[in-house]
Amino acid sequence: MISHGGGWAGEQSGRIEELGGLIHAGLRDGDLDVELVVELAFLMEERGRTGQATREVVERPIAHLTPDDVARLGRRLLGDLGFGPSFVLDPGLWTELERELGVVERDLRAAGITGELRLVVPDWDDSGDAWVEFRGATQGNGIRPGGGGLAGVADAVQEVVMEMAWTVWPVCPEHDRGLHVAWERGRAVWRCTAGGSHAVAPVGELGHGRPAGRAQGPRRRSEKRMESEAPPSPG
């Protein structure tokens, strides 16, 4: 987010932020207008934020800029600004995050864990990040727009669930050890570090086996012995 200030400088900052949003949308939709890129470059030049991209735009005739040039320079200018999209600017990012949360939730429900799971943008966090809320509470760190991915969402869900439910989740059905999310061969998976380390299942597919959660630790040996020595119930 750009600090606007006041007067002409504030108007310039506001226009720079607006142009950033328009250029981001143009890059996303594949119809970026060269005039937007040129205007942003000149405004950045006026504000002393000169870089290789601004110089190239300012010095080259517009007619010589190909669509690939415009897209490349637009991305470079946004990078120089430190511009990041928001969920308000790009609602599709929120939609994608909700879809990823739904994938992770399948694994949570497969373990028999209940409680409302949702995405929120808390009033106390002015960054605009999304947070995973479970049973009315958040934990850990937020997820910035476009910066989560399925692995990031799974990690955030695991952290808040383990904190609020006081349980180890998910758990390897073979080794009874807590799993960790990892990125492997282009997909997010739950990985166990036991048995030489192995992938248990892709995120969202733990439900194909037995419930992958452990609400309590193993019972004491004496408890097991007492059960085995108890007389049979009368029939």
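Some points to look at:
- Asp80 being among the charged types (D, E, K, R), closer than 23 Å to Asp126 by Cβ and touching a Gly at 6+ places or on another chain (Cβ under 9 Å): no
- In segment 50-82, the residues that are basic (Lys, Arg) and without any contact (Cβ under 8 Å) to a residue 40 or more places away in the chain: Arg55, Arg60, Arg72, Arg76
- Within segment 30-49, the set of residues being in a helix (DSSP H, G or I), acidic (Asp, Glu) and either under 15 Å from Asp69 (Cα atoms) or under 32 Å from the mean Cα position of the chain (by Cα) (or both) comprises Glu35, Glu39.
- Of all residues in segment 88-128, exactly one satisfies the criterion of being of a type in the set (Lys, Arg) and touching a strand residue (DSSP E or B) at 6+ places or on another chain (Cβ under 7 Å), namely Arg118.
- Taking the listed residues Arg106, Arg76, the one that is assigned to a helix (DSSP H, G or I) and within 27 Å of Arg49 (Cβ to Cβ) is Arg76, with no other qualifying.
- Close contacts from segment 112-141, counting a first residue that is within 17 Å of Trp94 (Cα to Cα) and of a type outside the set (Ser, Thr, Tyr) and a second that is in a loop (DSSP other than H, G, I, E, B) and at pLDDT 95 or above, with Cβ to Cβ under 8 Å and a gap of 6+ residues or different chains, come to Glu133/Glu116.
- When Thr54, Thr114 are checked against the criterion of being of a type in the set (S, T, N, Q) and surrounded by fewer than 19 Cβ atoms within 10 Å (Cβ to Cβ), a single residue qualifies: Thr114.
- With respect to the conditions (1) in a helix (DSSP H, G or I); (2) within 14 Å of Leu19 (Cβ to Cβ), Asp69 falls short on a single one, namely (2).
- Qualifying residues in segment 129-172 (those that are in a strand (DSSP E or B) and in contact with a strand residue (DSSP E or B) (Cβ under 6 Å, 6 or more places away or on another chain)) - the one surrounded by the most Cβ atoms within 10 Å (Cβ to Cβ): Ala130
- From the options Leu108, Leu93, Leu97, residue that is more than 20 Å from Glu205 (Cα to Cα), surrounded by 13 or more Cβ atoms within 10 Å (Cβ to Cβ) and either touching a residue at least 40 places away in the same chain (Cβ under 8 Å) or of a type in the set (Asp, Glu) (or both): Leu93
The values are calculated or read from the model by the stated rules, or taken from the named source; none is laboratory data. As the structure is a computational prediction, the values presented were derived from the model and not from experiment. FYI the Cβ positions are ideal-geometry reconstructions off the backbone, even for glycines, and counts take in every protein chain you see.
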